[in-house]
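Trainee: Sharing a structure with you now.
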Amino acid sequence: MENEMLKIFDENRLEIGTATREKVHQLGLWHETFHCWFICSEEGKGYIYLQIRSETKKDYPSLLDITAAGHLMATENVVDGIREVREELGIEVTFDELVPLGVIDYSVTTGELIDNELANVFIYNNNVNFEDFNLQVEEVSGIVRTDFKQFTALWRNEVLAIEVEGYQLNELGERIPLKKIVERDSFVPHEDSYYKAVILGIQALL
């Protein structure tokens, strides 16, 4: 995986070549990713879905993250990113069903990982059931959702914690119901500006 080739860009989003994924994160080179957030409405209330990253992941194991996301390879375009939804979640979604929020750039440094992303962000607004997910256990160990208003309040520093509910896979691959209180440090550390941009986009849909 570290030897995967990615397109790299300058600070003006102009493509300048390719580099391995390992080098991209070592040097903090700008690269493209695909992000897809699942949302739904039930009885007048909006929800947002989060994946639980596998505990075996090299980066940010067991943290809550975007419903489905991944790097775009050097040979791929944005449309190809839809494969992440199928691979990670086992749900078939067409590109036409997604609502684009545009490209959101952000920069996060965690230890030796320097992550400068040009994130192509999309929303999938549909009522899916937890039973519909067929998780790729190497990448995702569970799926939860939370009240979108509470999610918004968390990233606007209006509350310190929120409740998430869903399930997590045990070592036998069985789905174990999960309901717990989480704080901001339970999430992959994307910039606040990223979360706030996503929130604004979702508010226009719910």
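The values are calculated or read from the model by the stated rules, or taken from the named source; none is laboratory data. Note that the structure is predicted; figures quoted are calculated from it, not measured. Counting neighbours? That spans all protein chains shown, and the Cβs are built from the backbone with ideal geometry, glycine included. Protein only, heavy atoms only, side chains kept; ligands, DNA and RNA dropped before computing areas. Shrake-Rupley method; radii C 1.70, N 1.55, O 1.52, S 1.80 Å.
Residue by residue, here is whether (1) of a type in the set (S, T, N, Q); (2) more than 27 Å from Asn127 (Cα to Cα); (3) out of contact with any Pro (no Cβ under 9 Å at 6 or more places or on another chain) holds:
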residue: Glu15; (1), (2), (3): no, yes, yes
residue: Arg21; (1), (2), (3): no, yes, yes
residue: Gln26; (1), (2), (3): yes, yes, yes
residue: Trp37; (1), (2), (3): no, no, yes
residue: Cys40; (1), (2), (3): no, no, yes
residue: Glu55; (1), (2), (3): no, yes, no
residue: Tyr60; (1), (2), (3): no, yes, no
residue: Leu63; (1), (2), (3): no, no, no
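Trainee: Considering only residues that are closer than 26 Å to Tyr167 by Cα, charged (D, E, K, R) and without any contact (Cβ under 8 Å) to a residue 60 or more places away in the chain, which ones fall in the range 1-55? So that I can check it myself, show each step before the final result.
Mentor: Taking the range 1-55 first, the residues closer than 26 Å to Tyr167 by Cα are 34-55.
Then keep just the ones that are charged (D, E, K, R); that gives 42-43, 45, 53, 55.
The one that is closer than 26 Å to Tyr167 by Cα, charged (D, E, K, R) and without any contact (Cβ under 8 Å) to a residue 60 or more places away in the chain: Glu43.
Trainee: Also: Might you let me know whether the range 48-59 holds any residue that is more than 12 Å from the chain's Cα centre (by Cα) and over 20 Å from Glu87 (Cβ atoms)?
Mentor: No - not one qualifying residue is present in the range 48-59.
Trainee: If you go through the range 160-188, how many residues are in contact with a Phe, Trp or Tyr (Cβ under 8 Å, 6 or more places away or on another chain) and either of a type in the set (Asp, Glu) or over 26 Å from Glu42 (Cα atoms) (or both)?
Mentor: So the answer is 1.
Trainee: How about the range 6-17: which of its residues are outside any loop (DSSP other than H, G, I, E, B) and open to solvent by 80 Å² or more (accessible area, probe 1.4 Å)?
Mentor: The first filter runs over the range 6-17 and keeps only residues outside any loop (DSSP other than H, G, I, E, B), leaving 6-9, 15-17.
Answer for the range 6-17, where residues must be outside any loop (DSSP other than H, G, I, E, B) and open to solvent by 80 Å² or more (accessible area, probe 1.4 Å): Glu15, Ile16.
Trainee: Quick one: which of Ile48, Ile52, Ile39 is open to solvent by less than 20 Å² (accessible area, probe 1.4 Å), touching a Lys or Arg at 6+ places or on another chain (Cβ under 7 Å) and either outside any loop (DSSP other than H, G, I, E, B) or farther than 24 Å from Ile199 by Cβ (or both)?
Mentor: Ile48
Trainee: Something else about it: Scan (1) open to solvent by less than 20 Å² (accessible area, probe 1.4 Å); (2) among the aliphatic types (A, V, I, L, M); (3) free of Cβ contacts under 8 Å to residues at least 60 places away in the same chain for the single condition Val144 breaks and write down its number.
Mentor: Single failed check for Val144: (3).
Trainee: While we're here: Whether any residue in the range 122-129 is at pLDDT 95 or above and over 13 Å from the mean Cα position of the chain (by Cα) is what I want to check. Steps first, please.
Mentor: Filtering the range 122-129 for residues at pLDDT 95 or above gives 122-125.
From what is left, the residues that are over 13 Å from the mean Cα position of the chain (by Cα) are 125.
Within the range 122-129 (the criterion being at pLDDT 95 or above and over 13 Å from the mean Cα position of the chain (by Cα)), the answer is yes, since at least one residue qualifies.
Trainee: Output the residues belonging to the range 188-202 that are part of a helix (DSSP H, G or I), in contact (Cβ under 8 Å) with a residue 60 or more places away in the chain and of a type in the set (D, E, K, R).
Mentor: none
Trainee: Of all residues in the range 160-187, which are surrounded by fewer than 16 Cβ atoms within 10 Å (Cβ to Cβ) and assigned to a strand (DSSP E or B)?
Mentor: Within the range 160-187, Ala161, Glu163, Glu165, Ile176, Pro177, Leu178, Lys179, Lys180, Ile181, Glu183 meet the criteria.
Trainee: May I ask you to verify whether Asp96 is open to solvent by 20 Å² or more (accessible area, probe 1.4 Å), closer than 18 Å to Leu6 by Cβ and outside any strand (DSSP E or B)?
Mentor: In short, no.
Trainee: Consider the range 112-159. How many of its residues are of a type outside the set (Val, Ile, Thr) and in a loop (DSSP other than H, G, I, E, B)? Steps first, please.
Mentor: Initial filter on the range 112-159 (of a type outside the set (Val, Ile, Thr)): 112-113, 115-120, 122, 124-127, 129-136, 138-139, 141-142, 145, 147-151, 153-158.
Among the residues that remain, those that are also in a loop (DSSP other than H, G, I, E, B) are: 112, 126-127, 129, 133-136, 138-139, 156-158.
Count: 13.
Trainee: Sticking with this structure for a sec: Those residues that are under 18 Å from Val108 (Cα atoms) and surrounded by 17 or more Cβ atoms within 10 Å (Cβ to Cβ), I need them from the range 61-71; list them, please.
Mentor: Leu63, Leu64, Asp65, Ile66, Ala69, Gly70, His71 - these are the residues of the range 61-71 that are under 18 Å from Val108 (Cα atoms) and surrounded by 17 or more Cβ atoms within 10 Å (Cβ to Cβ).
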